[in-house]
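As structure tokens, the structure follows; a few thoughts come after it.
The values are calculated or read from the model by the stated rules, or taken from the named source; none is laboratory data. Note that the structure is a prediction, hence the values are computed from the model and not measured. Positions of Cβ are backbone-derived with ideal geometry, glycine not excepted, and every protein chain shown enters the neighbour counts. Surface accessibility is based on the protein's heavy atoms, side chains included, excluding ligands, DNA and RNA. Shrake-Rupley method; radii C 1.70, N 1.55, O 1.52, S 1.80 Å.
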Amino acid sequence: MAERQQQQQVASDGDAAEWKQVAELRAVTQAQDPSCKEEDDYTLRRFLRARDHNIGKASAMLLKYLKWKPTAKPHGAIPASEVAREVPQAKLCLQGYDREGRPLIYGFGARHHPARRDLEEFKRYVVHVLDATVARLPPPGPGRQEKFAAVADLKSWGYANCDIRGYLAALDIMQSYYPERLGRVFLVHVPYVFMAAWKIVYPFIDDNTKKKFVFVADKDLDRTLREAIDDSQLAEIYGGKLKLVEPAADDSN
């Protein structure tokens, strides 16, 4: 019954030709990995779109995800207790929504110190944060929001915060296993020294994702953020009314 309802929802959502490709992608992938049946059609559609509707490439990407998922998240999720050194640093606050209904992540680059981080734990932390953010989205359905947005604040960022290995690992996780989830990233208070790190990371960002990073000059900050985010959802530090709360280390999500 639930499967029939999902099929009816899918049929009323978007391009019928695209959903036909989703069905083909499922058939191709499930023949190689039966666990594909556990993924909903909207998930498959994101993988399909991430590979420009090339079923062969989308299937390869999806198979990689299906192999990664049970090893990266053997219990279905990564609790805060498994990233206990990362969470208290409060470098990412998961609060608010933009005007398009996308859950927001407020990130603070100067709170990240690669000299004190363990790369494997940091990778788990990225997964933990992405899952928590996706959980703030509505259930899959016609016309429902599937993406999140972020404000990446680089005020006071310096070489001590530069973590190319960490950035590339986070980027790979997001692009490989959470395709078509990122909607927009506003990079604010960007110091000149950051651009050296950006030039290294930039070639590893896929073309569709590159367009989602927006560098905001200080003179345009207030206007840009207020155009994208309602005052009630904009953090106080940017002149809004949203009080950011540092995540608790014992948060089970």
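Before moving on, here are some points about what is shown:
- Amide H contacts of residue 105: 149, 150, 151, each under 5 Å away and 5 or more positions distant or on a separate chain (H built 1.01 Å from N in the peptide plane; Pro and chain starts excluded).
- Mean accessible surface per residue for the chain, computed with a 1.4 Å probe while every protein chain stays in place, in Å²: 52 Å²
- Pairwise label distance in nanometres, residue 211 with residue 231, each label 7 Å out on the Cα-Cβ vector: 3.3 nm
- Proximity of backbone amide H atoms, modeled 1.01 Å from N, is registered between residue 187 and 152, 214, 215, 216 at under 5 Å, excluding neighbours fewer than 5 places apart on the same chain.
- Residue 155 versus residue 60: modelled label distance in nm, points set 7 Å from Cα along the beta carbon direction: 4.4 nm
- Dipole of the chain, positive direction: furthest Cα of 114, 76, 44, with charges on the beta-carbon: 114
- Surface share of carbon and sulfur [accessible, 1.4 angstrom probe, percent] for the chain: 53 percent
- Taking the longest Cα principal axis of the chain as reference, the axis of helix 41-50 is set at about 60 degrees.
- Residue 190 exposes around 50 Å² of accessible area when a 1.4 Å probe is run over every protein chain in place.
- For the chain, the dipole from Cβ point charges (+1 on Lys and Arg, -1 on Asp and Glu) about the Cα centre works out to 420 debye, to the nearest 20.
- Shape category assigned to the stretch 80-238 from the gyration tensor of Cα positions, a/c cut at 1.5: rounded
- Proximal charge balance of residue 20 [Cβ under 12 Å; K/R count +1, D/E count -1]: -2
- For the chain, relative contact order (Cα pairs under 8 Å, six or more residues apart, normalised by length) works out to 20 percent.
- Cross-link pairs beyond the 29 Å C-alpha cut-off, checked among 64/211; 67/147; 123/155; 73/199; 123/219; 123/147: 73/199; 123/219
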